1. What about B:A420, is it within 22 Å of B:G39 (Cα to Cα), among the small types (G, A, S) and in the same structural domain as B:S36 (by the TED database)?
2. Can you confirm whether the stretch A:458-475 contains a residue that is within 30 Å of A:A233 (Cβ to Cβ) and surrounded by fewer than 24 Cβ atoms within 10 Å (Cβ to Cβ)?
3. So if I check each of B:E316, B:E380, B:E266, B:E297, which one is assigned to a helix (DSSP H, G or I), closer than 30 Å to B:C163 by Cα and not small (G, A, S)?
4. If you check A:L360, A:L354, A:L373, which single one turns out to be within 29 Å of B:T237 (Cβ to Cβ) and surrounded by 23 or more Cβ atoms within 10 Å (Cβ to Cβ)?
5. When the residues of the stretch A:328-347 are filtered to those that are in a loop (DSSP other than H, G, I, E, B) and within 39 Å of the chain's Cα centre (by Cα), which remaining residue is nearest to A:M399 (Cα to Cα)?
6. Given the structure, is A:A351 closer than 24 Å to B:M270 by Cβ and either away from chain B (no Cβ under 13 Å) or at pLDDT below 80 (or both)?
7. Test A:D286 against the stated conditions and say whether it is open to solvent by 10 Å² or more (accessible area, probe 1.4 Å), over 30 Å from B:E89 (Cα atoms) and assigned by the TED database to the domain that holds A:L373.
8. With respect to A:G368, determine if the residue is loosely packed, with under 15 Cβ neighbours inside 10 Å and without any contact (Cβ under 8 Å) to a residue 60 or more places away in the chain.
Amino acid sequence: ADLLGFSHSNHFRSETHSSFFLAVREKKKTRSELGSDRGKFEARKMALAFDEFGRPFIILREQDQKTRLRGIDAQKANIAAGKAVARILRSSLGPKGMDKMLQGPDGDVTITNDGATILEQMDVDNQIAKLMVELSRSQDYEIGDGTTGVVVMAGALLEQAERQLDRGIHPIRVAEGYEMASRVAVEHLERISQKFEFDVNNFEPLVQTCMTTLSSKIVNRCKRSLAEIAVKAVLAVADLERRDVNLDLIKIEGKVGGNLEDTELIYGILVDKDMSHPQMPKQIEDAHIAILTCPFEPPKPKTKHKVDIDTVEKFETLRKQEQQYFDEMVQKCKDVGATLVICQWGFDDEANHLLMHRNLPAVRWVGGVELELIAIATGGRIVPRFQELTPEKLGKAGMVREKSFGTTKERMLYIEHCANSKAVTIFIRGGNKMMIDETKRSIHDALCVARNLIRNKSIVYGGGAAEIACSLAVDAAADKYPGVEQYAIRAFAEALDSVPMALAENSGLQPIETLSAVKSQQLKENIPFYGIDCNDVGTNDMREQNVFETLIGKQQQILLATQVVKMILKIDDVISNSEY
Amino acid sequence: MPIDKIFKDDASEEKGERARMASFIGAMAVADLVKSTLGPKGMDKILQSTGRGHSVTVTNDGATILKSLHIDNPAAKVLVDISKVQDDEVGDGTTSVVVLAGELLREAEKLVTAKIHPMTIIAGYRMAAECARDALLKRVIDNKENAEKFRSDLMKIAMTTLCSKILSQDKEHFAEMAVDAVFRLKGSTNLEAIQIIKKPGGSLRDSFLDEGFILDKKIGIGQPKRIENAKILVANTAMDTDKVKIYGARVRVDSMTKVAEIEGAEKEKMKDKVNKILAHGINCFVNRQLIYNFPEELFADAGVLAIEHADFEGIERLGLVTGGEIASTFDNPESVKLGHCKLIEEIMIGEDKLIHFSGVEMGQACSIVLRGASHHVLDEAERSLHDALCVLSQTVNDSRVLLGGGWPEMVMAKEVDELARKTAGKKSHAIEAFSRALVAIPTTIADNAGLDSAELVAQLRAEHHNEGCNAGIDVISGAVGDMEERGIYEAFKVKQAVLLSATEAAEMILRVDEIITCAPRRREDRM
């Protein structure tokens, strides 16, 4: 009876499935010649037929390519998919990592080195591969850097897990072993981490850490200046007492043209707009800014209404009123002492001229986010109605100017010396669009790193040094655990080695030789600062090379990678929905 | 176990050597495509659009050619992009930048086959680019202080730019025009203020620069054809029925008489507006929007010249030239700034009537009238002139100039070669390759002119061994000559942009080791 009940419920499922299938078919209009009733009948018959074939669990349509994977096969397939994704990113790791060229669905080209971006744009179809994409994305949201490393780490863990499975160790035991090992690794990281002191005047350590992040990107030509820009930007908006940084206050704006060296930090806001009237002044000193979200247009009440004109007198009064309306709007702005109007909406031609006539420069169609930033920076309030304008609600800026670029008519508005210097803009220039986009991503990474350091001052040493140290610690800890997990823990240690190994490989060094040399050096001298010398400087000591990474970034990497691998290992049945 | 496919159905992935090969080949194909247009004896290309009408463009301008290509290779797209940026940023050198990037990649390919890692090549290229730039900086000529000399520099630059284009026959004439026009801008780079009017007919030599301003419009019937000491009101206002703008207003009447009354009121309103405009004491009124018959008649009655439907740039330029403000309300006639000019008259160019404003107050804008045998000639002439204007306006701001004719490339190549000899390690191969890529540009110029490039370049290299040599390829006489004597100059800014963006692009393409192409987006109608 139990079996019957099961198959019955399954039958129900097959029916819903078939009606869905029918809907799709109808949309495709392949059966448009059939009446819809008849179509429904046919489809139901087909679903029933499948039941008769004796496959009551999954309903497969015509093609049998999609199969159900169970048990060890499922795990193997999942591991293979995860490894395939990690393999793509492996060559992008480290300062000598290569880039990937991605051509999007619309033919647009992205060239990048950023793990999260590569995975995001890769158009992945496999479910497990999507998990890896998620993994890199969550590292990006949480930490902002190390998005490649986390995927490579997860790939290595999967590879090791496969070996353990071949030995006949149960996947859950492997997963648990990994869990223990990750705890050991994270604790060890805490132990070997160092705190360093910095303040607003001495931000050299911050710059050094940002430089480590930037050195793997295409912008490493001027990593020093970009790192300085990133650190200054973060310090400008940071709340050092609460140890928090709101990165939304840093706007990254790019414009094609010029050199990377021309990239600058603007203590203020940059708006990609120009004055609404070509003859308005291009430069305003000591501006009082009215920030409006109401258009310079006649009001449009939300409720439906009609104004009926049936006599000449009414026509005349309406006309007068209209003129007066525009006049009042402009006068209102003028009365409160505004010298610049920034508006989210458009202006009527007449209003535009009146503004110009009254010598009140104005900017129109400013986006909502930018408007908010301007409000924050200038200390003004966003005013939704003209009636509510008061002098206190105006924002203040020392200098507002329009600047033109290149041979085309492109202009941008600089709002500088603001009352509240808490909002800054990083303005990127570069040879082509792809360069600008990549620089934006790199700067974002650097900003995140600086923010993380302000939150938590601990650092670990990069160049694979931290991974090697953890690997040693985990390996040593493995022997203490009785039981099968011991093997999994050792496998974890092995997997940790794969990051420095990939670094060495990408830098054109002998991977196994280099890694074993560094490892023995660390063990012999008991100093966790030795890493891979990617840049051929001549020393393995990462302290000397000034290669730092944030502690939380590294910890997060290990934790996230372990979590995802655990999840993948626990899957023992893959039912792939055949494409309808 | 075979890996389940990771990507979507139509997506593809190319890795390692194959990816690098694909991008090298794509980039080099694009570079070879435009290579033959380089230099004064470069050839043109015919572009036929696939759109409606199959319109044909004949051009020599690298950016224009590349813009119209349909390219699928992602690396080639990078080259198209740098050419576009070069066009936007400095306006000239759009071909050179692509050719140089292509040559850099060609050299890189050889190095990769010789088992040198791309990262090493990139490091070498970077050092070389830095060194090449310093070499150029050492040799720049700056005549900013000496106005007369500066002007002659500009003339020479304009002539060098124009000599590779269709205008080469009359390059002095056009160079003069371009320099005049740019000097009027007084340092601004807004080329919108220079209006180029194309009128088929006559020959290229008949083109001229007009001191005043020409508006491609007709004068309304019955209005004065000639106004002296004109007072001009430039406006942007609706001159039709002038709708009530308050939302939801509508006319609702119950009898015919009322309709007539309201119509009368509307007319009255229009008349009021015209009267207000007339109260400014003007004798010329230019509006961006349409002027309907009724107000036009009113203007004609008042003896005011009314011009309707000038395009927005036209209005802005007119505002710039005559010094008037663009008005939309007319209630305070005393405070609106009017534009002034000595004479407005209708002139004929070819078969068309145009309105000519002469003796304007502020000469920031000007008009260039191009004449030529056909539309294609005119279009190409406009592009060429635009190139020259761009280069000149950039040079006015950054007055450093260099010699032309392959001279800068040879200077850079020499310095880079020396650097290669001093550098230890594998990088020196890449640096050497960079200098070879630089020399490829004079080689191409000579090849395109049908000269013996190997002989000429070798001679040039020998000449450049002497310090302070001014030798370059003189394509006209087909020999190596002194570029300073021949007056072949180029703007430093253009050369620098070519060098830096070509290196940047080559570096970008070199760094790639994997190409992932997503499935093309399905269009909705294919469902």
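1. No, not satisfied.
2. Yes, the stretch A:458-475 contains at least one residue that is within 30 Å of A:A233 (Cβ to Cβ) and surrounded by fewer than 24 Cβ atoms within 10 Å (Cβ to Cβ).
3. When all the criteria are applied, what remains is B:E380.
4. A:L354
5. A:T339
6. Judged against the criteria, A:A351 is a match.
7. yes
8. So A:G368 passes the test.
The values are calculated or read from the model by the stated rules, or taken from the named source; none is laboratory data. In this text the structure is predicted, and so the values were computed from the model without any measurement. Positions of Cβ are backbone-derived with ideal geometry, glycine not excepted, and every protein chain shown enters the neighbour counts. All accessible areas refer to the heavy atoms of the entire protein, side chains included, with ligands and DNA or RNA removed. Shrake-Rupley method; radii C 1.70, N 1.55, O 1.52, S 1.80 Å.
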